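Below is one structure, written out as structure tokens; the observations come after it.
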Amino acid sequence: MPRPSPSAIPLGRSHDRFFRQTFGRPELAADFLRSYLPPEVAALLDLDPKHLVRGTESYIDPKLRGHQSDLLYRARLRDGSPAAVFILVEHKSRPDPWVALQILRYMLQIWQAALQAGQPLFPIVPLVVYHGKRRWRVSTNFSGLFRGPEALRPYWPDFRYDLLDLSVAGDVEIRGAAATQACALLLREIWSPDLAQRLPSILYRLR
């Protein structure tokens, strides 16, 4: 069967593929996480590429294949204690008001798989990487999905995800090694009509 031409591949899917193939490499993922996770979280983790364990789709219920995460890594703690943290990276190219529910669905699958394997439950740090045409204005708290009387607030489950807004309107500082910076800038400028003119200066960082 012939492979589809690049023009036949939906733009959103090509962005997904670029993100997964780039940050699916442990050495790039380690620098990316070191640069963009909250500093207090990154300081706790051993982000040596040799110690990052890439997750697989085996964590995902077949019914949820359409909601699979872009990337999942397991990192151990820097102090050597017998604990680990799952780092769940979700890639978005347009605002998604239900992303917190999507993340929760995925987290439950990870924890359920751990229980079935007789393993303890480990914390999960969700990070959403967004690079759309406009700024992300969706709540980063799961409780933001709920509406109702104040008396019912204690019954709203809650967690938060961290957000890296690489949209053109975002003001995030581009950090990391040259390859990480180039990839982040490419994601930020991917919608720009001037991408062809800006591309040489982005790739120059790799020299």
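The values are calculated or read from the model by the stated rules, or taken from the named source; none is laboratory data. None of these values were measured; they are calculated from a predicted model. We place every Cβ from the backbone using ideal geometry, glycine too, and count neighbours over all the protein chains shown. The area values use the complete protein model at the heavy-atom level, side chains included, leaving out ligands, DNA and RNA. Shrake-Rupley method; radii C 1.70, N 1.55, O 1.52, S 1.80 Å.
DSSP bridge analysis restricted to the chain gives an antiparallel fraction near 50%, rounded to the nearest 5. Just the number, please: carbon plus sulfur as a percent of the accessible area of the chain, 1.4 Å probe, no ligands or DNA/RNA counted. The C+S portion of the solvent-accessible surface of the chain is 56 percent. Taking each DSSP H run with n ≥ 4 as -39500 (n - 2.57) and averaging over every residue of the chain yields -10000 deg cm²/dmol at 222 nm. For the listed peptides 147-153, 101-107, a ranking on the average number of other beta carbons within 10 Å per residue, highest first, reads 101-107, 147-153.
Proximity of backbone amide H atoms, modeled 1.01 Å from N, is registered between Glu90 and Leu127, Val128, Val129 at under 5 Å, excluding neighbours fewer than 5 places apart on the same chain. The residues of the stretch 120-207 present an accessible area of 60 Å² per residue when probed at 1.4 Å with all protein chains retained.
Taken along the Cα-to-beta-carbon direction at a fixed 7 Å, the label points for Leu203 and Ala177 span 2.1 nm. Extension gain, Ala43-Leu108: 0.36 nm per intervening residue step, less the Cα-Cα distance, totals 20.8 nm. The candidate values are [x] 18.5; [y] 17.8; [z] 19.1; the one derived from this structure for Kirkwood radius over Cα pairs in Å carries the label [x]. Between Phe122, Phe146, Phe19, the GNM of the chain built on Cα springs shorter than 10 angstrom shows Phe146 fluctuating the most. If you plug the beta carbon distance of Phe18 and Gln119 into 1/(1 + (r/R0)^6) with R0 = 41 Å, you get a FRET efficiency near 0.80.
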